[in-house]
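This report concerns only the one structure given below.
Bear in mind these aren't lab numbers, they're just calculated from the coordinates by the rules spelled out. Quick caveat, the model's predicted, so the values are computed rather than measured. Glycine gets a Cβ as well: all are built from the backbone with ideal geometry, and neighbour counts include every protein chain shown.
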Amino acid sequence: MSDTEQPKAKLDPLSARPLYAQLADVIAGKIASGDLAPDRPIPSENHLADEYGVARLTARRAAQELRERGLIVTVRGKGSFVAAVPPKDAPEESEPED
């Protein structure tokens with residue numbers, strides 16, 4: 001492991017929270033911190049499954065969760081990318097005050 005590489009987050013298989021939701025939270029955190037930049041690809045489902053020790057279907061469900069949150073977009077044949085537009089709950093332009 002290189003000095004610049006961060007340790008991966010651990011998923012808790014004994015938690016009541018599903019693994020796909022935990023994985024989605026980890027990826028969402030990387031997007032929020034800027035580790036995954038807008039309009040850039042996220043790791044493939046196979047890579048996520050290998051890196052976090054989960055089934056590919058769990059990684060697929062995590063990607064679906066991120067799409068539902070508006071954090072990623074998937075382009076058929078190309079992969080999944082961090083959404084260029086911030087999600088709805090992000091601060092928007094301030095309205096003029098009178």
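Segment H47..A84, full-extension length gain: 11.1 nm, with 0.36 nm per residue of separation and the alpha-carbon distance subtracted. Distance between the modelled labels on R56 and R76, one decimal in nanometres: 1.9 nm (7 Å Cα→Cβ projection).
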